[in-house]
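Working notes, beginning with the structure itself.
Every number here is computed from the coordinates shown, using simple stated rules; none is lab data. All values reported here derive from a predicted model rather than from experimental measurement. Don't worry about glycine lacking a Cβ; one is built from the backbone with ideal geometry, like all the others, and counts go over all protein chains shown.
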Amino acid sequence: MLSTAEALVTLLGAARAVEGSETLPTLDALNRVLAADVVSSLDVPPMNTSSMDGYAVRVADLAQGDRRLPVSQRIPAGHAPQPLAGGTAARIFTGATVPPGADAIVMQEQAEADGNDVSILHTPKAGEWITQQGADIRSGSVILPAGTRLTPQALGLAASVGSASLTVARRVKVAVFFTGDELTMPGEPLKPGAIYNSNRFTLRGLLENLGCDVTDYGIVPDRLDATRATLREASRAHDLILTCGGVSVGEEDHVKPAVEAEGHLSMWQIAMKPGKPLAFGAVRRAASTGAVADAAGSELNETYFIGLPGNPVSAFVTFLLFVRPFILRVAGVRTVSPRALSLRADFSQSKADRRNEFLRARINPAGGLELFPNQSSAVLTSTVWGDGLIDNPPNHAITAGETVRFIPFSELLG
Ligand code: AMP
Ligand code: MG
């Protein structure tokens, strides 16, 4: 059996970033991955600005003791000032340009306007309430490196230096299908022995959250020929084929022989719970149309293949821990590992498991963790009830009060 870490290293080692980028309006680039550094062509702020409503002054004028100054100009934000005449103050507002010659702002609460004059009630230090040009960003600096996933705040940062468009990697193309003659779509009557295809909804949502371009082939019958035909079809214009179910070694599990016939496959037994079987390999790409190239420029003649277990919680957890980082790497993202928290267990679990458990848990109002009572890999309720996964190492019982490693779903779902 492979450890979780070994499986992840092998998987990420095989992931090659897609080639091909496009330039999009910054407003349309949310969740995409930068294919080139964003370099600022200007200082932010582009000039010295006031961070208060008040008066722009020359500190030396106040040091001489004359605390009543004529107001020589009024500078609202967005208007170019005149140089500050010696021995005068300028009325100024937040965000406005500090006039040349002024070296401090006195906030209006520390000044008293009197007709055309102002009495300054405070001796400012040089630079007080002035935001220096370039204090946030220097012209020429990389503000967002290639490989960054574009969050709303990253788009705002790009816009703050005037970037109207961004060069992003093309979307990762993923084909997905589901095996199992017992699977029925919601909306259809449930025949004896049938269950609803919940994984289709979970996996489609997970793929779409990652910004993938998804082709959903739906339910493929539990037959070797049908599975092979779908693999061949899906190999043409996709980077990854993802399947769910049928990767155990039962007689009705045709995914393994089908991928072996159309490409190659490694069956991994991962020492984790839920999960365990994961299939990783590739399907030969039917020649000609739609060939997809990687970042090195070499045309890949294979489409990656990952087969997930069918149990709904196993499929969900193995997707989050393995497929998500793999897809992010293929998308060109640099940092793909989720950040974990150290939190207190407010429960005990006296039985240690040989495998690395990923327990569905919730953060309680006291900031500790509570466990969903049923940790079966078929109980999807746990994934909705929980806030994340406790990553419990093999052979480790949990005692209430101890600190455990918790990976919040917020780190895994985007
Ligand atoms: P399998 O991996 O095909 O052996 O399936 C393991 C278990 O997961 C079986 O109980 C299946 O009925 C169930 N299962 C497989 N695929 C799905 C699916 N798409 N949605 C919900 N349950 C599934
Ligand atoms: Mg099955």
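Can you tell me which of Asp114, Asp346, Asp391 moves the most in a GNM of the chain? Springs connect C-alpha atoms under 10 Å apart. It is Asp114. Comparing Pro152, Pro189, Pro312 in a Gaussian network model of the chain where C-alpha atoms under 10 Å apart are linked, the largest mean-square fluctuation is found at Pro189.
Cα centroids of the range 133-178 and the range 200-254: how far apart, whole angstrom? So the two Cα centres are separated by 31 Å. Taking 7 Å steps out from each Cα toward its Cβ at Ser41 and Glu6 produces label points 5.3 nm apart. Working from Cα pairs under 8 Å separated by at least six residues, relative contact order for the chain is 17 percent. Taking a straight Cα-Cα cut-off under 18 Å and skipping sequence neighbours fewer than 8 places away in the same chain, the aspartates and glutamates within cross-link reach of Lys173 are Glu19, Glu22, Glu208, Asp213, Asp216, Glu233, Asp239, Asp294, Glu299, Glu302. Partner aspartates and glutamates whose Cα lies under 19 Å from the Cα of Lys273, excluding those fewer than 8 positions away in the same chain, are identified as Glu6, Asp353, Glu357, Glu370, Asp387, Asp391. The packing ranking, built from the mean of other Cβ atoms within 10 Å per residue, places the peptides 319-326, 28-35 in the order 319-326, 28-35, highest first. Estimated purely from DSSP H runs of n ≥ 4, each contributing -39500 (n - 2.57), the mean residue ellipticity at 222 nm for the chain is -5000 deg cm²/dmol once divided by its residues. Would you work out if the range 341-388 is rounded, prolate or oblate? Take a ≥ b ≥ c from the square roots of the eigenvalues of the alpha-carbon gyration tensor; rounded if a/c is under 1.5, else prolate when a/b is larger than b/c, oblate otherwise. Oblate shape, in that a/c is at least 1.5 and b/c is the bigger or equal ratio. What residues from the range 231-254 fall in the zone where the backbone N is under 12 Å from a label point 7 Å along the Cα-to-C-beta line of Ile195? Correct set: 245-246.
Charged side chains reduced to their Cβ positions (Lys and Arg at +1, Asp and Glu at -1) give the range 268-414 a dipole of some 180 debye around its Cα centre.
Determine which lysines satisfy two conditions relative to Lys256: a Cα distance under 21 Å, and not lying fewer than 8 residues away in the same chain. Partners within reach: Lys276. Which Cα, out of Gly147, Leu341, Val317, lies furthest along the positive dipole direction of the chain (beta carbon charges, K/R +1, D/E -1)? After comparing all options, I get Val317. At a Förster distance of 22 Å, what's the computed FRET efficiency of Arg204 paired with Leu24, Cβ-Cβ distance as r, to 0.05? E(calc), rounded to 0.05, equals 0.40. For the chain, the antiparallel share of DSSP beta bridges with both residues in that region comes to about 70%.
Multiplying the sequence separation of Gln132 and Gln269 by 0.36 nm and subtracting their Cα-Cα distance, what value in nm do you get?
Details: separation 137, 0.36 × 137 = 49.32 nm, distance 5.82 nm.
So the chain would gain 43.5 nm between Gln132 and Gln269.
Computed from Cα atoms, the angle from the helix 4-14 axis to the main principal axis of the chain rounds to 80 degrees.
Under the definition of Cα pairs under 8 Å and six or more residues apart, what whole-number percent is the relative contact order of the range 341-411?
Numbers: 152 pairs, mean separation 32.9, N = 71.
Relative CO of the range 341-411 lands at 46 percent.
Note down the magnitude of the dipole of the chain about its Cα centre, charges +1 on Lys and Arg C-beta and -1 on Asp and Glu C-beta and zero elsewhere, to the nearest 20 debye.
Numbers: 36 positive and 42 negative charges, 102 e Å.
Result for the chain is approximately 500 debye, rounded to the nearest 20.
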